[in-house]
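Read the structure below first, then the notes.
The values are calculated or read from the model by the stated rules, or taken from the named source; none is laboratory data. The structure presented is a predicted model; accordingly, all values stated were derived computationally and were not measured. Don't worry about glycine lacking a Cβ; one is built from the backbone with ideal geometry, like all the others, and counts go over all protein chains shown.
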Amino acid sequence: MFAENPEEFISKVTKLINNEKATLIVDHITYNRIDDTYDSSIFTESKANCDPLKAFQGSKHIMDYVFTDGLAEDSIEKRFAQSLDRANEVAVYAKLPKGFKIPTPVGNYSPDWAIAFDDSHGIKHIFFIAETKGSMDSMQLKPIEKAKIYCAEKIYNIPESNVRYHHVDTYENLLKLIKDMN
């Protein structure tokens, strides 16, 4: 390939080398807890540019209306949010805004949900960050998505933290994960 088209060869080799470098970084990434916080105003910023047809009224969401992604009337996110609204175990939840980002070596990552659960005594004790995907099959996820999810698992599943992160496809699978943690 070098003899026929050296520019294309150099471009492809550079891409392969950069992909391998990113893979090595992601495979060995660690995060440390810092004192930075997000201002709570990110949850109440204007939804003026959001499509009102994607919204539905939520009873346990931090705002009156939940704006989910996806074009389908019955999207995965909408079904997930409706399940959160109906669940007795859920105290409150938030659809995380696009402005909430985690820097990773392969680009910024925005998880979907933050959820606070009640225990059997009515105490809010588990804070969960969830990423809703249409499939739990890692073979169906793009490599870049898998790398970002891996980084999110590293940042949120720090042992001294009361926050946990998983990617799920249904509320039932999320609930099973929580019950397995206890």
Residue list for region 64-103, filter: among the hydroxyl-bearing types (Ser, Thr, Tyr) and closer than 14 Å to Asp169 by Cα: Ser75, Ser83
Among Lys142, Lys124, Lys95, which is the only one that is basic (Lys, Arg), out of contact with any Gly (no Cβ under 8 Å at 6 or more places or on another chain), modelled with pLDDT of 70 or more and more than 20 Å from Phe56 (Cα to Cα)? Lys142
Among Asp85, Asp36, Asp74, the single one that is modelled with pLDDT of 80 or more and farther than 24 Å from Pro143 by Cβ is Asp85
Sole residue being in contact with a helix residue (DSSP H, G or I) (Cβ under 7 Å, 6 or more places away or on another chain), at pLDDT 70 or above and outside the structural domain of Tyr93 (by TED's automatic domain parsing), chosen from Phe9, Phe2: Phe2
Quick one: would you say Lys21 is surrounded by 11 or more Cβ atoms within 10 Å (Cβ to Cβ), of a type outside the set (A, V, I, L, M, F, W, C) and at pLDDT 70 or above? yes
